[in-house]
Structure formats: C-alpha cells, structure tokens
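Novice: So that we are looking at the same thing, I have put the structure below in structure tokens.
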There are 2 protein chains.
Amino acid sequence: MTTLLQSFIQVHPDSHFPIQNLPYGVFKPQPTSSPRPGVAIGDFVLDLSEIAFAGLFNGPLLNNSDCFHQPNLNKFVSLGRPAWKEARATLQKLLSSTEPILRDNEVLRQKSLVPLSQVELLLPVVVGDYTDFFSSLHHTKNCGLIFRGPQTPVLDNWYHLPVAYHGRASSVVISGTDIIRPRGQAHPAGSSSPYFGPSLKLDFELEMATIVGPGNELGKPVDINDAEDHIFGLVLLNDWSARDIQAWEYIPLGPFLGKNFATTISPWIVTLDALEPFACEAPKQDPPPLPYLAEKVSKNYDLSLEVHIKPVDHKDSTVVTRSNLKHLYWTLTQQLAHHTINGCNLRPGDLLGTGTISGPEPESRGCLLELTWNGQNSLNGLDRKFLEDGDEVVLTGFCKGNGYTVGFGTCSGKIAPPAP
Amino acid sequence: MTTLLQSFIQVHPDSHFPIQNLPYGVFKPQPTSSPRPGVAIGDFVLDLSEIAFAGLFNGPLLNNSDCFHQPNLNKFVSLGRPAWKEARATLQKLLSSTEPILRDNEVLRQKSLVPLSQVELLLPVVVGDYTDFFSSLHHTKNCGLIFRGPQTPVLDNWYHLPVAYHGRASSVVISGTDIIRPRGQAHPAGSSSPYFGPSLKLDFELEMATIVGPGNELGKPVDINDAEDHIFGLVLLNDWSARDIQAWEYIPLGPFLGKNFATTISPWIVTLDALEPFACEAPKQDPPPLPYLAEKVSKNYDLSLEVHIKPVDHKDSTVVTRSNLKHLYWTLTQQLAHHTINGCNLRPGDLLGTGTISGPEPESRGCLLELTWNGQNSLNGLDRKFLEDGDEVVLTGFCKGNGYTVGFGTCSGKIAPPAP
Ligand SMILES: [Ca+2]
Ligand SMILES: [Ca+2]
Ligand SMILES: [Mg+2]
Ligand SMILES: [Mg+2]
Ligand code: NI
C-alpha cells in the first residue's frame, strides 16, 4: 500500500481541496487587488502569480510563461496537457509535507497563501461561447413524458447524436451571484393569448460543464480519440430555466429567453488529471454510435452530485436531489468531438454544459420540472413546486477517494425579486 | 433644393460609399500593419488612427479618446450616439469638398487615405454573442409550408414575439473567407438510420444584422423606446445553413451544427444615422404586440438586397433573389428590446441577425430552401438546387438616394470542398 500524499497545510478529510485535487480558479486577495490565478488547498488559496514571481514554476514548459500573470486562466488552459501535468507536478511537490521550499519560507507563505474565507472568487475563464448539451437519457425521457406523453418520450435523433444548443456567454456568472427572477411572455394551456409577467416556473438544472483547453481551427474537426486532450477540466453549472417562458418560445428554434438570463458556474475548475482515479466505464450505447463518435475508451466519472435548497425563512437547507455524473449517456469526449465534426471551432475557455444530470431514481432527478413533474406535486420535504424569491440553490459535487475527497466546492445562487 | 454634400474625393454616383454613408470597418493598410478602424469613402479607406493622431477629432467627446487606436470598433460603438454623431460630423466636414484641412495637406492625405483595393479588411468588432432572429413573415410562412404543410405554416407564438436562437460567435467570419462544406449526420425521410457525410443541402440565408452599441447591465432590460440608442449600425450577414444536418438535429433544442460551421458578415458597418433618410414605416402588426414591444415609432428601412451566385466555371454571376429589409415584420428595436426583457445583458459589438429576409414574391425569397422549395425545383436561370463546391455567393445591399447610394458593399463566400 502506498502512503497517501499529504500537504504541510492541514486539510480535513472531508475538505474538497486536498493536495490530490488542486483545482484552478481566479481570485482577488483584497478588494482592490487585480485578479490572478490560484489553486485551492484546504482552507487556503495558493496565489500562482506569487509562485511564478518566485521562479518556482521551473519546468521546461512553464519556466518563461506569463500564463499565471493573467487575469483569467484562458492562456494556461490553451497550453495543453503537458503544461497542465507540469504545473500539477510542481504544485504537488511544493505543497507536500516533505518539501521545505514553501513550507519553511514564512515570507513566501504569507504572500502566497490566502485564507479562502477572505478572497473574492471570479469567473475562472473568459467564456467565448457557451454550449449546452442534453446528454442524460433519464432527463430526456422525463422531459419527453411531461411534454409529449408516453408515445415517443425520447426522439429518434437523441440516440444518434448528442443534442445541444448554443447558450448565452454574456450572462454566465460566478457562484454567489443573485439571480433576478426573469420576466417574459407565457401562454398557459387553455388561455387564448399570452401574458407578460415574472416567471412563475423558475427552475434550476443540475449540470456540469467542460472547460475547453486548446481549441481547434475552423474547418478542422477534433478526432474523437483526441478529444480528451482538449478538455482542461470540469465545473459545476446551474442552467437556471424559466419553464413557462421556455415552453411558449422554444418551438421551432429552441430555448432562448427561458435560459439566457443567467447561468451560474462554480469558481474552481477540477482538472481531468485530478478526476482520473474516479473514471468509470460509460453506459453501453445502443444503437452503436456512428464511427466519428465511436471511441476506443468510453469514460465517465463516478462523481456524486447534490442539490440543496435553503428557503429564506429556514435555518437549514434541504437536499432535494442526489445524482451522479456517471449517469450521462453521451460522454464529454463525444460531446466535444460532435461539436467540431462540421468544422465548428472551439476556443480555450469555452464552456460545454452536459445538460441536466438525472439518474434513474425519482430522487436523482436534476431539476424541479422533473422532481415536481411540472408542478403537479410538491417537492419531497419542501413546500415547493418551483423556486420562490429568497430561495438559495446550492449545487455540490465530489468524488470520494480512500482517505480524501476530490470536490468542486459549491455553485450557489439566490433568487432575487423581479425588476418592478 | 439643398445642394448635395460632396467630398473632395471623387465618388462615382453608383459607389456605395459616398460622403453621405461613411461606414466603419477595421483594416490593415499593409499585410504587416496592425489592425485599425477606418471609414470607406469612394475607392479609399480613411485611416481613423491617423486622423486621431493628427488631432482632428477635436469635439468634446472624442477629443481625448483612444477609441480609434484600438484593433476593433468595440470601444467606439460602446460610446453611444452622441459620440457617433460627433465623429460623423467631424468626418463629413473633413472629407467635404470645401474643407481644406485634409484636402490640401498632401502628407496627411498620403498617410490617411489608402486605396480600398490594397487593404485587408478584418472583422470590425469582437463579437461576444451572436443571436439570430426569425423576423420575416414570408420566410417563416415558406419554411412552415415546406416542413409542416398548409395547416399551421406559422406557429402561434410567432405573431406574439420575435423568435430567436443563439448562434456561434467563434465562427463568425469576414466576407471573402472560404466556406468549407460541413460534414455531419443526416437522416433522409424513409431511410432507417442516419448516415454521415458532407452536407448535400448547403444553403445561404440573406440576412442583415444589428451591431449593438452600448450594452445593458444583467437584470436591467432596455425599454423599447430606448432601443434605437443601443444600435450602432447594420451589416450584411449570410447565415450559411446545412439543411440536411439541421433537419435531423434541430428538434427539440433548435439549430446547432447545421449553422455553426460559419456565418459571414460584411466588413462595413453602415450607421443608423446614414440610413435615417431611408427609414419607412414597419408593417402593421396584428395581433398588436404586448406593451413591452409596442413602440412609439415603428421603423424599418427601404434597403434593397440582392444575392448573386457565381459558379466556378461561369464567367458571370446570376442574381438569384431581390429582397428588401422593409419586409421585416418585427423591427430591429423590437428584436433588441425583446432580447433584454428577461434581464439578458447585451455587450457592445454583439451581433443580432434579422433572420432570412424574404419578400412576398417568389423572386424575393431569401434562401435556396425557399427558392427551390427544398430542392423540388431548380433555381431560375441556374442549374442548382443547393450550393455546389466552387459556388461563390455574394450578398449586397443599398439604399438609393437622390444622386447618391448608401450601400454595404458585398458579403461573399466561396464553397470549398469538405475535409477528406
Ligand atoms: Ca440545460
Ligand atoms: Ca438564420
Ligand atoms: Mg442558463
Ligand atoms: Mg451560420
Ligand atoms: Ni395566441
């Protein structure tokens, strides 16, 4: 048995941020500081701009790079897996309990380790384009049953390609941002004309998202078996949805104002390298995918997901769903390869949402639409059909290792009343 | 009768770029130069960075601005209409036949006036998000007839809101860029499973697009009667579409790979100020729009549009459609106000496509899908059902004034064979 790698920084076994994780984010140590990259370790953020200034990124690829002197991670993620592996090796060594360089240098520790509780976390990347997939069979089936009935809950194209649509990049916000209840048109069944008002069916969607690393040139698709090299890591994503607005607008061109008022992501990007110990086989696909989507290794991750809701007048939050990334039918690499097969170009920092991640059991459904069956029932344990003003929705996700946890922290947002 | 404003630069009456127009673009005078803003005048580009260096933007708003020392127009368009009006007044004076400052300064003329034939034109703005509307009733009706038949060619929601979807910002390209035929999945009616290959139904879509000026904050909608102040100007847009890919993928989340392989825009942004003499009343809307879409002045523009196709082995191009912007049912301001009503934030430089601009007559249909009725007929005057490799598609648009033309130049692209 190998000994577990330990940091000189105390990390509680339940912490999401042990030395095995080292997720990347962007933060301001003081309100007046400029944004800079960091990694989370226990209750601290390690300031990568300080580590770079100190000359401690001394591997061949990052030696002379200014990637950690940027206000976002786009340049770092564009460098590709060899640079990511070099950074990870450097940081795991630097933070390990047996390495004196940082451990025994109080001045550098003071400068570079900032308590998480005192920093402001920002969007880790500039998102050029945001795409949202629809890759959970359970979610797809439930939506089909709710909206079209039991004849064809899953449409014929769904089994042949990872269905997706383009979302809005401008309204991607960081965890903790209030979500103003959107107003818009709705047209309830049976009424003769649409009305205008605040959404009455505001929902969350439990998702994760790929942060794209190196992009591809316009006209040059990414081969399915190279797709993993274009994925830097994952974040939690809440695709806030106004079901009443969406239902009225979405035929025939898809969701628009029902979605684009806000999309929240978690601040920490967990790398595929940190998730690799939790890889598992993806579900068997039947019918088999066309050759451009057939991959040598078909990989998911055993990654537990939870959604908590805390109403404004409650002391505690309630867990409303427990799901797992492993339930996805279409893999992250299939999503990415499909996205580029027509020549569409991805850019570093692009965000590819998985779609709502519902599991097979009723308690593992990933949104209120499914959990309350479009408002027919109340939520288990909470008097809710859709979200109310003041509700705080918190997504979390983590992988349980032997004696440690690789987690994403939280992705949260509170519903604020609509504009008057 | 007032005398027509004239420039000291010779401008042919059919030129799209008289002193009444002055459209904005971004160009490189030499292959090795840095990109800079310019305006088109006759057969020349006026280099605005040189005019700014010479201190000739001496109005109160642009006096100390670095907006013309940027590699794109995003900063300038963010400044708003008062700054745009100041720039227009400065440039019309500077270029007029009676003003000696530039006319009689040979050194400055040499530095700042570059022949259009020798410059490289670039994307005029960095596009943060690209949205495509569906605002022509004729186009909507034709698509409905082709895909759903005569029962409900226009869906109920269409008359109540400007339907739209999010497009792809990364693949917006400048006029003149080759368009590689996309590959993807299609599923012809009657076949049991989908196949993979180059698109067999490659199409153009004749559109125009708003270039957004000042944006709005997340959560703060733009009032319909203020919407015009958020529109800097218009470009021509070709929303290339692979009809076979689109038809198989688009239910239920809308077009994705059938569209996002490329969208071409024209290099010159014609300002609303230059188009104002050609404003006309928009079509009456029945049913009347909800109050948030009801505007005091409902304005379109009498702007002629044409599409030419030049097959690779032909000497000349053939006009395949003649349409007009005035046919749009939903106005540009209604599109913009609707986009923000849920709190969605627009940013300077965002691109809002109108959707295919078809007129009422068969000869004014804005895409091959309509012109050949989904490949049932050949194109008038050209042996084509959809685009073939080597075809060059050229969009053009112009307003005819009394003795002058305010035009957009061209928006072109040639079909290149698919990746092997
Ligand atoms: Ca979603
Ligand atoms: Ca279109
Ligand atoms: Mg969203
Ligand atoms: Mg397009
Ligand atoms: Ni109606």
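The values are calculated or read from the model by the stated rules, or taken from the named source; none is laboratory data. No experiment lies behind these values; they were computed from the predicted model shown. Using ideal geometry, Cβ is built from the backbone for each residue, glycine included, and neighbour counts are taken over all protein chains shown.
Novice: If I ask for residues that are more than 8 Å from every other protein chain (Cβ to nearest Cβ) and under 16 Å from the mean Cα position of the chain (by Cα), which ones from region B:331-350 would you list?
Specialist: B:331, B:332, B:333, B:335, B:336, B:348, B:349
Novice: Here is a follow-up. So if I check each of A:59, A:128, which one is over 30 Å from residue B:168 (Cβ atoms) and small (Gly, Ala, Ser)? It would help to see each step written out before you state the result.
Specialist: Working: A:128 fails: over 30 Å from residue B:168 (Cβ atoms).
After applying the criteria, what remains is A:59.
Novice: Based on this model, can you work out whether residue B:357 counts as within 14 Å of another protein chain (Cβ to nearest Cβ) and either outside any helix (DSSP H, G or I) or free of Cβ contacts under 8 Å to residues at least 24 places away in the same chain (or both)?
Specialist: So residue B:357 fails the test.
Novice: Same structure, new question: Can you list the strands (runs of 3 or more DSSP E) lying wholly within region A:122-194 that have 3 or more residues being among the β-branched types (Val, Ile, Thr) and either more than 16 Å from ligand 1 (Cβ to nearest atom) or out of contact with any Pro (no Cβ under 7 Å at 6 or more places or on another chain) (or both)?
Specialist: It comes to A:172-174.
Novice: Return yes when residue B:39 is within 23 Å of the chain's Cα centre (by Cα), under 26 Å from residue B:3 (Cα atoms) and buried (at least 21 other Cβ atoms within 10 Å of the Cβ) and no when it is not.
Specialist: Yes: the conditions hold for residue B:39.
Novice: Go through region A:162-197 and give me each residue that's in contact (Cβ under 8 Å) with a residue 12 or more places away in the chain, more than 9 Å from every other protein chain (Cβ to nearest Cβ) and more than 27 Å from the chain's Cα centre (by Cα).
Specialist: The answer is A:186, A:188, A:197.
Novice: Only residues that are within 16 Å of ligand 5 (Cβ to nearest atom), buried (at least 18 other Cβ atoms within 10 Å of the Cβ) and closer than 16 Å to residue B:343 by Cβ: list them for region A:185-210, please.
Specialist: Passing the criteria: A:185, A:186.
Novice: Residues that are of a type outside the set (Phe, Trp, Tyr), touching a residue at least 12 places away in the same chain (Cβ under 8 Å), within 21 Å of residue B:174 (Cβ to Cβ) and not in a helix (DSSP H, G or I): does region B:368-388 have at least one?
Specialist: yes
Novice: From B:233, B:258, which residue is in contact with a helix residue (DSSP H, G or I) (Cβ under 7 Å, 6 or more places away or on another chain) and away from chain A (no Cβ under 14 Å)? Before you say what the answer is, go through the steps one by one.
Specialist: On the way: B:258 fails: away from chain A (no Cβ under 14 Å).
Going through B:233, B:258 in turn, the sole match is B:233.
Results for (1) among the hydroxyl-bearing types (Ser, Thr, Tyr); (2) within 20 Å of residue B:89 (Cβ to Cβ); (3) out of contact with any strand residue (DSSP E or B) (no Cβ under 6 Å at 6 or more places or on another chain), shown as yes or no for each residue.
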| position | (1), (2), (3) |
| --- | --- |
| B:9 | no, yes, no |
| B:13 | no, no, yes |
| B:18 | no, yes, yes |
| B:23 | no, yes, no |
| B:52 | no, yes, yes |
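Novice: Could you please let me know if residue A:110 is outside the structural domain of residue A:345 (by TED's automatic domain parsing) and over 24 Å from residue A:229 (Cβ atoms)?
Specialist: Yes.
Novice: Step by step: first the residues of region A:140-176, then only those that are within 16 Å of ligand 3 (Cβ to nearest atom) and aliphatic (A, V, I, L, M), then the one that is nearest to residue A:247 (Cα to Cα). Which residue is that?
Specialist: So, considering only residues that are within 16 Å of ligand 3 (Cβ to nearest atom) and aliphatic (A, V, I, L, M), the one nearest to residue A:247 (Cα to Cα) is A:164.
Novice: Looking only at region B:230-252, filter to residues that are away from ligand 2 (no atom under 16 Å from the Cβ) and within 13 Å of the chain's Cα centre (by Cα); which one of those is surrounded by the most Cβ atoms within 10 Å (Cβ to Cβ)?
Specialist: Filtering region B:230-252 for residues that are away from ligand 2 (no atom under 16 Å from the Cβ) and within 13 Å of the chain's Cα centre (by Cα), the one surrounded by the most Cβ atoms within 10 Å (Cβ to Cβ) comes out as B:232.
Novice: Identify, please: which residue in region A:199-210 is of a type outside the set (A, V, I, L, M, F, W, C) and more than 10 Å from chain B (Cβ to nearest Cβ) and is, among those, nearest to ligand 3 (Cβ to nearest atom)? Talk me through it step by step, then tell me what you get.
Specialist: The first filter runs over region A:199-210 and keeps only residues of a type outside the set (A, V, I, L, M, F, W, C), leaving A:199, A:201, A:203, A:205, A:207, A:210.
Keeping just the survivors that are more than 10 Å from chain B (Cβ to nearest Cβ) gives A:201, A:203, A:205, A:207, A:210.
Numbers: A:201: 14, A:203: 10, A:205: 8, A:207: 9, A:210: 16 Å.
Taking the candidates together, the pick is A:205.
Novice: Let me ask another. Being within 21 Å of the chain's Cα centre (by Cα), surrounded by 22 or more Cβ atoms within 10 Å (Cβ to Cβ), more than 10 Å from chain A (Cβ to nearest Cβ) and within 13 Å of ligand 4 (Cβ to nearest atom), is that true of even one residue in region B:211-229?
Specialist: The answer is no, given that none of the residues of region B:211-229 is within 21 Å of the chain's Cα centre (by Cα), surrounded by 22 or more Cβ atoms within 10 Å (Cβ to Cβ), more than 10 Å from chain A (Cβ to nearest Cβ) and within 13 Å of ligand 4 (Cβ to nearest atom).
Novice: Within region A:374-391, is there a residue that is under 30 Å from residue A:231 (Cα atoms) and either away from ligand 2 (no atom under 16 Å from the Cβ) or within 14 Å of another protein chain (Cβ to nearest Cβ) (or both)? Break it down stepwise before answering.
Specialist: Initial filter on region A:374-391 (under 30 Å from residue A:231 (Cα atoms)): none.
No; the residues of region A:374-391 include none that is under 30 Å from residue A:231 (Cα atoms) and either away from ligand 2 (no atom under 16 Å from the Cβ) or within 14 Å of another protein chain (Cβ to nearest Cβ) (or both).
Novice: If you don't mind, there's one more thing I want to ask. Just checking, which of B:346, B:336 is modelled with pLDDT of 95 or more and either under 30 Å from residue B:386 (Cβ atoms) or not in a helix (DSSP H, G or I) (or both)?
Specialist: After applying the criteria, what remains is B:346.
Novice: Would you say residue B:403 is in a loop (DSSP other than H, G, I, E, B) and more than 22 Å from residue B:143 (Cβ to Cβ)?
Specialist: Values: in a loop (DSSP other than H, G, I, E, B): yes; more than 22 Å from residue B:143 (Cβ to Cβ): yes.
Against the criterion (in a loop (DSSP other than H, G, I, E, B) and more than 22 Å from residue B:143 (Cβ to Cβ)), residue B:403 qualifies.
Novice: Scan region B:261-284 residue by residue and report those that are within 14 Å of chain A (Cβ to nearest Cβ) and not hydrophobic (A, V, I, L, M, F, W, C).
Specialist: Of everything in region B:261-284, those that are within 14 Å of chain A (Cβ to nearest Cβ) and not hydrophobic (A, V, I, L, M, F, W, C) turn out to be B:263, B:264.
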